[in-house]
Structure formats: structure tokens, C-alpha cells
Amino acid sequence: MGTALIANQMPALAGSSSLDAYIQEVNRIPMLTQEEEQDLARRFRNEESLEAARRLVMAHLRFVVHVAKGYSGYGLPLADLIQEGNIGLMKAVKRFDPEQGVRLVSFAVHWIRAEMHEYILRNWRIVKVATTKAQRKLFFNLRKSKKRLGWLNYEEVQKVASDLGVKPETVLEMESRLSGQDVAFDLPPGGDEEEAWSAPAAYLEDQSEDPASNAESEDEMSYQQRILYNGMDRLDARSRDIIERRWLAESKATLQDLADQYKVSAERIRQLEANALKKIRAAFNAQLMKNC
């Protein structure tokens, strides 16, 4: 529809001082009667008149400002909300049918709010708080549904869920998300060093992925395994088999299993196991002392 051309002809919108001037300027633009509005809409539809579309957009800029002010509680710049709303207004003008007998403002409010909603959801948090349809509905309605400050009680949760057509569990989850605060990962510049522990960077470091520590641990494990198997090499075949099946096999053998195999008592297997472990421990300690 030549939206870029129309946008270039709209009042400038940047900075707080410019925002005040912008609001004053759009409030001075004359409003259209229903007859003027329908005539301009027909001219745009039938003749593709960009001048007619421009006049329709300009006459409704004040309404976009009014809608944007309703979303001031989300901590986003009012100028950005207005800018997004203006995009929605131009989309509405493009799709408006004057033969339906409704005013453009009634038709455009859906498109204006839709663009603002998308902008808020994209920018309100780094981690998106609303992804499903039910969560998006709650995101924009939960605050106005709350009658007081503080957490919702059971009756209030049930009423909000019923009014908005969502599950009570979804209400509780969204209330928790909206009540959470974003936290900087690192300590802010100039922050109190005594409070550095509260920054996630202080306690979320993953030590397990340190290459030097991993290599050192692997070397130590390999070294201890070599000492262990050197100690086992000093055992007789039966004692070695007992240790391997009792301690190293995936499916551990019981004392009775080994007693049945070697035709001795379970107590005798326990004694052989104890003696073998004693020899391995002695060899292990001797090797450690030698390397110290």
C-alpha cells in the first residue's frame, strides 16, 4: 500500500522530548466524520489512492497513542509501542472494508493491539514467558484480573481460570513467571564485591568441563588402574578370578556362586577374597610410596 511512503510522511517519533511533541502534533490532526472516513476508504480501495490512505492513518494516530499508554506497565518505551501500533494501524487501513458499516477505529484496534502484543512478547524478557495460546492470553490479562497486590489465593485462581478459559495450573505458572525478576549474569560494573556471590556467574561455573582438570583426573584414574592390575598380577589364578567376579564384573558373583564352582565353603571364598584384597592394597600402597 506504499506503507514506507506513508510512514515517511508521519510525524517524527524518537526521544522523550520528541515523543511529547509527537503526541501534541497527532492530537492536532482533525478527526474524520463517518462519511469522510468511508469516502477515503472507498477511494483507497477503488483507486489505490495513497493520499486517501495517508489521511486515514494520520487521523487515527491519536488512537494508537491511547492504546499504547495502556501497556505502559511492561517497562518498554512508549515510543516503541506507538511505532508498533502504527504498523498495525496501516495494516488495518489496508484491510478495512467501508461497506461493513463499522468505523475504522473499531476495526483497527485488533491490528494495533496485535502488533503491540508481538513487540511486548519479543522484548519483555530474554527468556520468553508466554509461548502457548493460553499463556499469551494470561500474559495480557492476568494483571488486570488481579484485584489486589500479592499472590492470588485459591478462589481468585479459580475465578481467573474460569473467566479466561484456561486451566488453574496455567494461571499459577504464569503468575510465577510474571512475578520473577531478571537477574544479570555478571556483577554489574561498580557493584559491591561483597554481593558478588549473588550474581549467577559466581555459582554457575561448570567445573566438570575444565580441560585441565579433566585431563588430570583421567591421568590419575589411568595411573591407579595400572597399579591395581599390577597388584592383581601377583595373585594366583583362583584369587584373581574371585576378585574379578566379585568386584570388577558387570554381574557380580555371590560367595555361594564361587563356593559351588570351586567346591569349597562360602566362608573359604570370603577368606580368599580378604587375603587377595590385602595383597592388592599392600602392592598399591607400596607403589604410591615409591612414586612419592
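Taken together, the values in this text are just the output of simple stated rules run on the coordinates, not laboratory data. None of the values given here were measured: they were computed from a predicted structure. Every residue, glycine as well, gets a Cβ built from its backbone with ideal geometry; the counts of neighbours run over all protein chains shown.
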What nm value, rounded to one decimal, do you get for the distance between Asn27 and Ser49 when each label is placed 7 Å out toward the C-beta? 3.0
Kindly rank 245-258, 110-123, 52-65, 228-241 from highest to lowest mean number of other beta carbons found within 10 Å of each residue. 52-65, 110-123, 228-241, 245-258
Karplus (6.51, -1.76, 1.60) ³J(HN,Hα), θ = phi - 60°, over segment 108-118, in Hz, Gly and Pro reported as x: 6, 4, 5, 5, 5, 5, 4, 5, 5, 4, 4
14 Å beta-carbon shell around Gly101, net charge (K/R +1, D/E -1): -2
